[in-house]
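Read-outs throughout are calculated quantities, based only on the coordinates presented, and are distinct from any laboratory measurement. Treat the numbers as computed from the prediction; the structure is a model and nothing was measured. Virtual Cβ from ideal backbone geometry, glycine too; neighbours counted across all protein chains shown.
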Amino acid sequence: MFSERDLSADLAAVRDEHAPDALVLDCARDFETLPAAQAEDLALVTDAFDPRSYPDEWLPADAPELLHRYASDELTVGAPGDGGVAWTRQTEPPVVLVKPRLEGSPEPFVDFLVAEALVQVGLDRPEHFLGFFGERYPDLAAAAEGRLDGTGTYQLAAALYDAYLGLHTREVFAGWADDHPDLFDAWVDAGERLEPRLADLSTELARGETGFGDAAELACAAIKHGQEPPTPFGALDTEAYREYGADYAVEWAEKTFDRLD
């Protein structure tokens, strides 16, 4: 199921700097959330498991089943929206998993995704938004009540956490211009590819042509790529969000949905 991935010199340097103990593994099968049996196969390539679990009271009544699974004491790796690379610190050492869906993708793009995961592993931040929001997650759901169902709130929370991580990682990416120019160029290119989709996003959101969760995903991706997010997401591209985290995100959601009513 898993085999160690050969790393370019740039990726090896990024790993040494940010997550020196991490294993980077190619996966034989694609996944959104790693099936339990395959997750257990990680025991063959790691030394120990340390599954995370979270209190039931953090979960709203309409939380998706996947979120209940993630909150349990079952080893749960990966989530919808992770894309072609997932990572976890629930193993010793941590692992970065490269999915087969990336086969045929441009090498610089794949290398950037792996590098991004290595930087995130090294941040010592929660690997899932539930660990980020914690006891404030029901407050986020309450702020979105009437506009988003449980799945929509999940999508919004994932996007908000993506933006929060981006506020911490983009300085690293921006600093790669000289030392790792190929990785830097891939980061810039990914951001530039978002620009056409961002241009009319506020209008599409106001007209109901784009759902709030989808808009949040795009806008929050812009933040981590150093692009300016459109209204009403600009308030997330701030030092205040970086500093205050989940409390700030919940307050932003409350104010934003109040204005939309």
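Assorted remarks:
- 13 Å beta-carbon shell around residue 33, net charge (K/R +1, D/E -1): -3
- Other residues whose C-beta falls under 13 angstrom from the C-beta of residue 211 contribute a net charge of -3, scoring Lys and Arg +1 and Asp and Glu -1.
- Cβ-defined net charge surrounding residue 194, 11 Å radius [Lys, Arg +1; Asp, Glu -1]: -2
- Ordering of 26-33, 152-159, 72-79 by burial proxy (mean other Cβ atoms within 10 Å per residue, highest first): 152-159, 72-79, 26-33
- Structure-based [θ]222 nm, the chain - -39500 (n - 2.57) summed over DSSP H runs of at least 4, per residue, nearest 500: -16000 deg cm²/dmol
- Bridge orientation summary for the chain: considering DSSP beta bridges with both residues in this region, about 70 percent are antiparallel.
- Computed over the chain: relative contact order in percent, which uses C-alpha pairs under 8 Å that are six or more apart: 18 percent
- The chain: most fluctuating residue of 234, 84, 226 per GNM, C-alpha cutoff 10 Å: 234
- Membrane-span-like helices of the chain, defined as complete DSSP H segments with a Cα extent of 30 Å or more along the helix axis and a mean Kyte hydropathy of at least 0.0, are identified as 150-174.
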